[in-house]
1. For segment B:100-114, just list the computed ³J(HN,Hα) in residue order, Karplus coefficients 6.51, -1.76 and 1.60, θ = phi - 60°, integers in Hz, with x standing in for Gly and Pro.
2. Along each principal axis of its Cα atoms, how long is the protein assembly as shown end to end? Whole angstroms, biggest number first, please.
3. Can you flag which of A:LYS65/A:LYS108; A:LYS15/B:LYS44; A:LYS74/A:LYS108 are past 26 Å Cα-Cα?
4. Using the Kirkwood radius built from alpha carbon pairs, what does the Stokes-Einstein equation give as D for segment B:52-104 at 10 °C and 1.306 mPa s, in µm² per second?
5. According to the square roots a ≥ b ≥ c of the eigenvalues of the Cα gyration tensor, what is the shape class of chain A, taking rounded for a/c under 1.5, prolate for a/b larger than b/c otherwise, and oblate for the remainder?
Amino acid sequence: AQRVTQPEKLLSVFKGAPVELKCNYSYSGSPELFWYVQYSRQRLQLLLRHISRESIKGFTADLNKGETSFHLKKPFAQEEDSAMYYCALSNNAGNMLTFGGGTRLMVKP
Amino acid sequence: NAGVMQNPRHLVRRRGQEARLRCSPMKGHSHVYWYRQLPEEGLKFMVYLQKENIIDESGMPKERFSAEFPKEGPSILRIQQVVRGDSAAYFCASSPPNAPYEQYFGPGTRLTVT
């Protein structure tokens, strides 16, 4: 069975501080992992995929198969980063996403 | 492209009534997914449909819940004889046929059962 765990429900940091949102997964196959973000009063949207290895809005995430983790990082948080962040794992067929419980990031001025 | 549309945005039903939730995928998308988000929890996969076919319904409750995606018109998630525990946000997503993992989400329908 596939599972995604986000251990922190809430993460509060000051503007300019580094941010790390934790995500751990369990999956028997070759995982494909994603981070989704939901800003206030907006719909859930894809932030980044591990396979593309890109940086979006200053965020990066590295897949660590040894630790089964896919933590989301940003060196300097901005107030506009405040949102709900969801880590998600795709099954081998790529047609089902398993989401973590989400972490609310609050960036204080 | 208007994105994934869901209606209604809010739905209130009394126990025992039926709830019908609609989802129109993005233009060009032939794959539709439904997710449920209970209060204080993450999104949970319910069902994956293509036009006129249910591909994976492993996340659907065995009773009272059904989904369809007809040849014409929106996808419908139907909940019969609703109970208080069905109160949740229901999200629909769609994806293009060549990238099923690239899901675009609708704004959700918040169902409240009184």
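Only the coordinates and a few stated rules stand behind these numbers; no lab work does. Keep in mind that this is a model prediction, so the values were computed, not measured.
1. Couplings: x, 7, 8, 9, 10, 9, x, x, x, 10, 9, 9, 10, 9, 9 Hz.
2. So the extents along the principal axes, rounded to whole Å, are 49, 36, 35.
3. Working: A:LYS65/A:LYS108 33 Å; A:LYS15/B:LYS44 32 Å; A:LYS74/A:LYS108 15 Å.
Flagged as over cut-off: A:LYS65/A:LYS108; A:LYS15/B:LYS44.
4. The Stokes-Einstein estimate is 122 µm²/s.
5. Values: a/c = 1.87, a/b = 1.71, b/c = 1.09.
Judged from the Cα gyration tensor, chain A comes out prolate (a/c at least 1.5, a/b above b/c).
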